[in-house]
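The values are calculated or read from the model by the stated rules, or taken from the named source; none is laboratory data. What you see is a predicted model; the values in this text were computed from it and never measured. Neighbour counts are summed over all protein chains in view; Cβ atoms, including those assigned to glycine, are modelled from backbone coordinates with ideal geometry. What goes into the accessible areas is simple: the full protein's heavy atoms, side chains included, and nothing from ligands, DNA or RNA. Shrake-Rupley method; radii C 1.70, N 1.55, O 1.52, S 1.80 Å.
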Amino acid sequence: QVQLVESGGGLVQPGGSLRLSCAASGIIFSIYDMGWYRQAPGKQRELVARISSGANTNYADSVKGRFTISRDNAKNTVYLQMNSLKPEDTAVYYCNGRVVATNLVGYWGQGTQVTVSS
C-alpha cells in the first residue's frame, strides 16, 4: 500500500513559522518528484513548492523567500519549512509524489490544516 502521511499543521500567528512533514511508504522514494499543494476555502488547489528526484526546487511566487522545501531520502520524507507566515497562507496543505516520466498524477496525502491567525 502506498501512503503519504502528513504532519505538522496547526495554528500559528502571523509572522510565525511551521514545518510540515510528509512521510512516504510503499514507493521507491528517491525516484519520485515531491510537491506541496494547498487549497483554501472557495479557492482552487495550487502548487506551493516542488522538489525533483534530483533535488531541484521550484516555488510559487507568493511563497518565494519564505518557504523552503527539502527532502531526506534516507527517511523517505519531504519537508516544507514555512517562515514569515501570513493569513493568506491559511489552507489545507497536501503532499504529492509522482514519477514524472510516467505522466501519471501520482499519489496524494490526506492533507493537513494550516491556520495563520492572531
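Hey, can you tell me all the residues within the stretch 81-104 that are more than 24 Å from Gln1 (Cβ to Cβ), in a strand (DSSP E or B) and among the hydrophobic types (A, V, I, L, M, F, W, C)? Met82, Ala91 - these are the residues of the stretch 81-104 that are more than 24 Å from Gln1 (Cβ to Cβ), in a strand (DSSP E or B) and among the hydrophobic types (A, V, I, L, M, F, W, C). Each residue in the stretch 56-83 was checked for being open to solvent by 60 Å² or more (accessible area, probe 1.4 Å) and at positive phi, and 1 of them qualify.
If you check Tyr93 against the conditions, is it among the aromatic types (Phe, Trp, Tyr), open to solvent by 40 Å² or more (accessible area, probe 1.4 Å) and modelled with pLDDT of 95 or more? The answer is no for Tyr93.
Tallying residues that are basic (Lys, Arg) and within 12 Å of the chain's Cα centre (by Cα) within the stretch 74-99 yields 0. Of all the residues that make up the stretch 3-15, how many are open to solvent by 50 Å² or more (accessible area, probe 1.4 Å) and assigned to a loop (DSSP other than H, G, I, E, B)? Of the residues in that region, 3 qualify. Just checking, does the stretch 16-28 include any residue being assigned to a loop (DSSP other than H, G, I, E, B) and within 15 Å of Tyr94 (Cβ to Cβ)? No. Among the numbered conditions (1) modelled with pLDDT of 95 or more; (2) open to solvent by 60 Å² or more (accessible area, probe 1.4 Å); (3) not hydroxyl-bearing (Ser, Thr, Tyr), the only one that Val105 does not meet is (1).
Of all residue pairs spaced 6 or more apart or on separate chains, those with beta-carbon atoms under 7 Å, a first member in the stretch 105-118 that is assigned to a loop (DSSP other than H, G, I, E, B) and a second member that is surrounded by fewer than 16 Cβ atoms within 10 Å (Cβ to Cβ) are Gly109/Val5; Ser117/Leu11; Ser117/Pro87; Ser118/Gln13; Ser118/Pro14. For the stretch 30-55, a tally of residues being surrounded by fewer than 16 Cβ atoms within 10 Å (Cβ to Cβ), touching a Gly at 6+ places or on another chain (Cβ under 8 Å) and not in a strand (DSSP E or B) returns 0.
Rundown of residues vs (1) more than 18 Å from Gln113 (Cα to Cα); (2) among the β-branched types (Val, Ile, Thr), yes/no style:
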residue	(1), (2)
Pro41	no, no
Glu46	no, no
Thr57	yes, yes
Ala74	yes, no
Gln81	no, no
Lys86	no, no
